[in-house]
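One structure follows; several queries about it will come next.
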Amino acid sequence: MSAIHAYARARACASGSATPVATVRHVHLSERPLVFVPLTLAGEANAPLAAMVGTDPDRPALLVVPQPRNRDLRFGFAAELADILLPYVDSFAVAAGEATDGAERPDGPLSEDAPQVLVPNPGGVEFARLFGRSTRFRRTQGEYAVKPSVPLLGRWLTFFAECAEHPGSSMMLAATDALTLHWATGQSAVEDANLAVLMGWLAPPPGTTGAQAARLAGKNPAKYPPAGPATDPRFDKDKLVPAIAAYDNAVAAPDTSDSADSAALRRSAISQLESVLRELLEPTWKLMWQAIALLRGLPGGASVAGRWESDRARFAGFHEYLAEGGPPQARRDGAVAAARRLNRLEQAQAALEAERAFDDPLVMADHRISGEAFAGTVVAVDRDRRIRNGSGKGRLVTRPLVTVRTEDPVGLADGTKVIATARRRQDCYIHAVDRQGDHVLVTVEARSGMGRNSTPAPGSVPKEGDTLCYSSVLADRVRSLNLPDVSATPWTHGGPPTPYEPNTDDAGEAWE
Amino acid sequence: MQDQTEARLRRIRGLVPPKRHDARTVAALTSNPGCARRAVLDAAGVDKERLARQVGFPSSFGQSPFAIVRGNVFEKRVTEDECVELLQLLREDLGIDLPVVSYADLSSTDRTGDTSTDRADEMLRARYAGSRSRLFQAIVDARGGGASLFMHPLLRMPVGGRPVYLEPDLVAVQRGGSLQVIEIKSFPVIDGQADGAKAAAAAIQAAVYVLALRRMLGRPELVSDDVVLVCPKDFSNTPVATRVDVRRQILVLEHQLARLTSIDQLLETLPAELTFRMADRRDGAVAESVIKLTEALGHLPARYVPGCLSVCDMAFFCRQEAVGCTAALGVGVREQLGGVETVAEALGLADGTVAPTEHQTEAATTLRTIVRAYTSALDLSGKPRRRRGAE
């Protein structure tokens, strides 16, 4: 919990309406996102019960598993979901080689745009991860065969769920996470996890405050059902148990001479289930689109496009990998692969934190409170200062000093690298911190971004009276690790892992 | 003294059989040990679920019938034929030394449904005595090379000065005499990983059993620090056994149980006539009862935090009471706001309209820094301070 977020919560609590904790949008929002609201059957290991899915707010597809304990019906659900998700993914064409602007792009294929899957909450991401896990290894021939689209769906779902873990990726977003990144409510994070309650705060109906709308939504799970994947136990007991039992009875009914009758019975049981589940899913479906509209109302942060470009590259890379017949993702990473992935995630996290702060003064405010950044007015400049490089023995270099007067609680040690929000190309280092009662005089030494001449280029050094904000929260905080090759995994980490080969055990895995 | 406490608690409970603690509620105590309201209600055995419903804040716990069915099916599968499949898992996968095993099901045999206090108490005491002597005997036998497996033995442990009965799924006595707690859970372990929250809850519950066993035997070294969780593997119904080290949970439990204010001390501060006797629906006195019950709850200071929502039946009532407290927004929020008790106070200190008390000066400085950073950030971005209701 950041200080700004805590304060914003307090203000929201006092005023009864949500308070912003961001001034720009920090996530990318696609023009054409795929909204996916999955439900599972309680007690089972990620057994799908139903889902509402689609790109058109007015025409969602409803998928239902009439008996979630039936393995074949589960794979039927997977195939139906694949029929929606795969064409959606494929609609984002991937061009190999170069980017549209003609610039050289050595990093491989790029797509003009990429798919974006939006789920209600982190539970939705977890559903995708587990559903991907339970389908990506399946075989399409022989024993336990499933439709060819099923394992492909599994690979894509796994890919999306992995992206969701990647800081800064917008390929798969949980609505509650995306919303609370931008607004604070007057309730706790525990309560924010309920999309209906959260949206009560963020978009209350006319005439009610956020607090009132949230309380109403929290009190009435029948009208504002949980956004899944788990269903309300009372709903299970009162509506789902009888509806599924009716289906079971219809299926088990003796196949009398009049088979049209039993088929009709089954159809009516299914349509009854569909109507029960549609009623349950529809409120969340609507909230999802409301949430999207809310987020679209914010201007995009400056660095959002850059991060989406990484997403596009990731998407194109995986698309190509699948096109070349790449095997399904392994059950677990080997030691080196896991360490690499962790390092990548940490770097992405550091880069994201830095970028968000540079994009958004409200995010930067947090670093100012924690002492990692400071803002103030330039009170003195030694523009033409030149010193000898190295330990005083090298050639003369230009090293201007800039002194900023700030009231922020600066907590930076001499020698810490800082960069000003308005001067991103100039690396500076803390030269001196002079505490003076109610304010602090911070002197920074500029080391780059001043041109090649012996005197700094015009405008390349701040002037007295400038207002600046320097931050030490920078993207290069986490270094790349020097990790061994996979084939050189040390014995302490189990030695080189045997390469993953899809096997029949995985393909025939029980799912009961 | 004990009798006096007993009588007092009976009065508080109000002439109905007590709701008993179980491993879940003991584990829950450790998550918010400073809450006197829950401590007293639990010690007296008040039916909190019913109480919460009567005062108009029904809890929303409850298990789906689907989950119950699946849990039962799995437990039956693991324990059928005297746990033959489980024993194989324990021997082969975990290397637990259980050669020929004497198996005993010590589950309750009471099918009468009699819940009158005295009789139920008597039954529990008898079952506990039986379990205890069987376990001691098994330890002696184990020295001679035997091994035993007990299903649902009954253990007892004092909590806040009152005995609480606990029933682990299984306790194995290995050759040599060391004991192993085994719990059957129906959440899946997929590729060696289980849901973090569920695994954590299972670990702390199992730690309650380890602690109870240790205290009952008086020989802590005999009971393993590891517990065995038996869960469905991947997406199947096949059991997989996993060792979980619960040393940390045991430390936490011991610490929290020791600092649980003993019930006697809590009772001393309460009015003598305090009772949570609930009106029967039929006697038409419900409305009056609600006022009285709410008033009675007012005598018991609660310590609400959002975490209560997932563990305590009274949470919605306490949350309503705690509106405007910083802790109700999250423990982290309260810390960030300098530990100040209420939102109004925090905002007042932040904008300078409330003068800080002596021990609030530091908090006030922090809060003023926050408010300055917040407003200057909004000025920088040229945004209005207050968001309008979004469309």
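The values are calculated or read from the model by the stated rules, or taken from the named source; none is laboratory data. Not measured: the values here are computed from a predicted model. Neighbour counts are summed over all protein chains in view; Cβ atoms, including those assigned to glycine, are modelled from backbone coordinates with ideal geometry. In case anyone asks, the SASA skips ligands and DNA or RNA and just uses the protein heavy atoms, side chains included. Shrake-Rupley method; radii C 1.70, N 1.55, O 1.52, S 1.80 Å.
When the residues of segment B:29-49 are filtered to those that are open to solvent by 20 Å² or more (accessible area, probe 1.4 Å) and not charged (D, E, K, R), which remaining residue is farthest from A:Ala230 (Cα to Cα)?
Step by step, filter segment B:29-49, then rank; the result is B:Gly34.
From the list A:Glu324, A:Glu372, which one is in the same structural domain as A:Trp156 (by TED's automatic domain parsing) and more than 20 Å from the chain's Cα centre (by Cα)?
Sole residue among the options that is in the same structural domain as A:Trp156 (by TED's automatic domain parsing) and more than 20 Å from the chain's Cα centre (by Cα): A:Glu324.
Could you check segment A:186-231 and list, in sequence order, the residues that are β-branched (Val, Ile, Thr) and more than 27 Å from the chain's Cα centre (by Cα)?
Listed by number, the residues that qualify are A:Thr208, A:Thr209.
Here is a yes/no grid of residues against (1) among the small types (Gly, Ala, Ser); (2) facing another protein chain (nearest Cβ under 9 Å):
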position: A:Thr19; (1), (2): no, yes
position: A:Arg25; (1), (2): no, no
position: A:Gly54; (1), (2): yes, no
position: A:Pro57; (1), (2): no, no
position: A:Ala61; (1), (2): yes, no
position: A:Val64; (1), (2): no, no
position: A:Glu80; (1), (2): no, no
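If you don't mind, another one. A:Gln329 fails exactly one of the following numbered conditions: (1) buried (at least 17 other Cβ atoms within 10 Å of the Cβ); (2) of a type outside the set (Phe, Trp, Tyr); (3) assigned to a helix (DSSP H, G or I). What is the number of that condition?
Failing condition for A:Gln329: (3).
Also, quick follow-up: When you look at B:Cys312, is it at pLDDT below 90 and either more than 19 Å from A:Arg215 (Cβ to Cβ) or outside the structural domain of B:Arg368 (by TED's automatic domain parsing) (or both), yes or no?
yes
Inspect segment B:100-111 for any residue being within 14 Å of chain A (Cβ to nearest Cβ) and under 29 Å from A:Ala245 (Cβ atoms) and give the result as yes or no.
Checking segment B:100-111: not a single residue is within 14 Å of chain A (Cβ to nearest Cβ) and under 29 Å from A:Ala245 (Cβ atoms).
Now, a different point. So if I check each of A:Lys286, A:Lys237, which one is touching a helix residue (DSSP H, G or I) at 6+ places or on another chain (Cβ under 6 Å) and modelled with pLDDT of 90 or more?
Values: A:Lys286 fails: touching a helix residue (DSSP H, G or I) at 6+ places or on another chain (Cβ under 6 Å).
Result of the check over A:Lys286, A:Lys237: A:Lys237.
Residue check, B:Ser186 against (1) part of a helix (DSSP H, G or I); (2) within 14 Å of chain A (Cβ to nearest Cβ), all met but one. Which one?
(1)
Can you name every residue in segment B:362-391 that is at pLDDT 90 or above, within 38 Å of the chain's Cα centre (by Cα) and of a type in the set (Val, Ile, Thr)?
B:Ile370
Would you check which residues across segment A:84-102 are over 17 Å from A:Leu322 (Cα atoms) and modelled with pLDDT under 95 and list them?
Correct list: A:Glu98, A:Ala99, A:Thr100, A:Asp101, A:Gly102.
Further, regarding this structure: List every residue pair whose Cβ atoms sit under 7 Å apart, with the two residues 6 or more apart in sequence or on different chains, where the first one lies in segment A:227-246 and is in the same structural domain as A:Gln290 (by TED's automatic domain parsing) and closer than 23 Å to A:Phe127 by Cα and the second, anywhere, is open to solvent by 30 Å² or more (accessible area, probe 1.4 Å) and assigned to a helix (DSSP H, G or I).
A:Asp236/B:Pro65; A:Lys237/B:Pro65; A:Val241/B:Pro65
Return only the number of the condition from (1) out of contact with any Lys or Arg (no Cβ under 6 Å at 6 or more places or on another chain); (2) modelled with pLDDT of 95 or more that A:His26 does not satisfy.
All conditions are met except number (1).
I'd like the residue in segment B:1-17 that is modelled with pLDDT under 80 and in contact with a helix residue (DSSP H, G or I) (Cβ under 7 Å, 6 or more places away or on another chain) and, out of all such residues, is farthest from B:Arg248 (Cα to Cα).
Top of the filtered list is B:Pro17.
Within segment A:232-246, work out how many residues are within 15 Å of A:Arg69 (Cβ to Cβ), open to solvent by 20 Å² or more (accessible area, probe 1.4 Å) and under 31 Å from the mean Cα position of the chain (by Cα).
0
Which one of these does B:Thr25 not meet: (1) more than 14 Å from chain A (Cβ to nearest Cβ); (2) assigned to a helix (DSSP H, G or I); (3) touching a residue at least 60 places away in the same chain (Cβ under 8 Å); (4) under 22 Å from the mean Cα position of the chain (by Cα)?
(3)
So, B:Ala296, is that one in a helix (DSSP H, G or I) and modelled with pLDDT of 90 or more or not?
No: the conditions fail for B:Ala296.
Identify, by number, the condition in (1) touching a strand residue (DSSP E or B) at 6+ places or on another chain (Cβ under 7 Å); (2) touching a residue at least 24 places away in the same chain (Cβ under 8 Å) that B:Asp245 doesn't meet.
Of everything listed in (1) touching a strand residue (DSSP E or B) at 6+ places or on another chain (Cβ under 7 Å); (2) touching a residue at least 24 places away in the same chain (Cβ under 8 Å), B:Asp245 misses just condition (2).
Across segment A:455-491, what is the total count of residues that are within 30 Å of A:Val440 (Cα to Cα) and in contact (Cβ under 8 Å) with a residue 12 or more places away in the chain?
So the count comes out to 21.
Can you confirm whether segment A:465-480 contains a residue that is at pLDDT below 95 and within 18 Å of A:Asn389 (Cβ to Cβ)?
No.
Which condition number does A:Asp177 fail, the rest of (1) at pLDDT below 95; (2) surrounded by fewer than 18 Cβ atoms within 10 Å (Cβ to Cβ); (3) not β-branched (Val, Ile, Thr) being met?
That leaves (1) as the condition not met.
Can you name the condition, by its number, that A:Leu441 falls short on among (1) under 30 Å from B:Ala363 (Cβ atoms); (2) touching a residue at least 60 places away in the same chain (Cβ under 8 Å); (3) open to solvent by less than 30 Å² (accessible area, probe 1.4 Å)?
Of the numbered conditions (1) under 30 Å from B:Ala363 (Cβ atoms); (2) touching a residue at least 60 places away in the same chain (Cβ under 8 Å); (3) open to solvent by less than 30 Å² (accessible area, probe 1.4 Å), the odd one out for A:Leu441 is (3).
Which of the residues that make up segment A:146-174 are surrounded by fewer than 21 Cβ atoms within 10 Å (Cβ to Cβ) and of a type in the set (Gly, Ala, Ser)?
If the condition is that a residue be surrounded by fewer than 21 Cβ atoms within 10 Å (Cβ to Cβ) and of a type in the set (Gly, Ala, Ser), then A:Ser149 is the only one that fits.
Let me ask another. From the set of residues in segment A:451-469 that are in contact with a Lys or Arg (Cβ under 9 Å, 6 or more places away or on another chain) and either hydrophobic (A, V, I, L, M, F, W, C) or in a strand (DSSP E or B) (or both), which is farthest from A:Arg368 (Cα to Cα)?
Filtering segment A:451-469 for residues in contact with a Lys or Arg (Cβ under 9 Å, 6 or more places away or on another chain) gives A:454-456, A:460-463, A:468-469.
With the extra rule that they be either hydrophobic (A, V, I, L, M, F, W, C) or in a strand (DSSP E or B) (or both), the set shrinks to A:461, A:468-469.
Numbers: A:Val461: 22, A:Leu468: 12, A:Cys469: 9 Å.
In this case the residue turns out to be A:Val461.
If I filter segment A:404-413 for residues that are hydroxyl-bearing (Ser, Thr, Tyr), open to solvent by less than 50 Å² (accessible area, probe 1.4 Å) and either in contact (Cβ under 8 Å) with a residue 24 or more places away in the chain or not in a loop (DSSP other than H, G, I, E, B) (or both), do I get at least one hit?
Residues of segment A:404-413 that are hydroxyl-bearing (Ser, Thr, Tyr), as a first pass: A:406.
Okay, now just the ones that are also open to solvent by less than 50 Å² (accessible area, probe 1.4 Å), so A:406.
Filter again for either in contact (Cβ under 8 Å) with a residue 24 or more places away in the chain or not in a loop (DSSP other than H, G, I, E, B) (or both), leaving A:406.
Scanning segment A:404-413, I find at least one residue that is hydroxyl-bearing (Ser, Thr, Tyr), open to solvent by less than 50 Å² (accessible area, probe 1.4 Å) and either in contact (Cβ under 8 Å) with a residue 24 or more places away in the chain or not in a loop (DSSP other than H, G, I, E, B) (or both), so the answer is yes.
I'd like to check something: does segment B:203-218 contain any residue that is at pLDDT 90 or above, open to solvent by 20 Å² or more (accessible area, probe 1.4 Å) and part of a strand (DSSP E or B)?
no
Every residue, every condition in (1) of a type in the set (S, T, N, Q); (2) crowded, with 17+ Cβ neighbours inside 10 Å; (3) part of a loop (DSSP other than H, G, I, E, B), yes or no:
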{"site": "B:Val340", "(1), (2), (3)": "no, yes, yes"}
{"site": "B:Glu345", "(1), (2), (3)": "no, yes, no"}
{"site": "B:Ala350", "(1), (2), (3)": "no, yes, no"}
{"site": "B:Pro356", "(1), (2), (3)": "no, yes, yes"}
{"site": "B:His359", "(1), (2), (3)": "no, no, no"}
{"site": "B:Ala363", "(1), (2), (3)": "no, yes, no"}
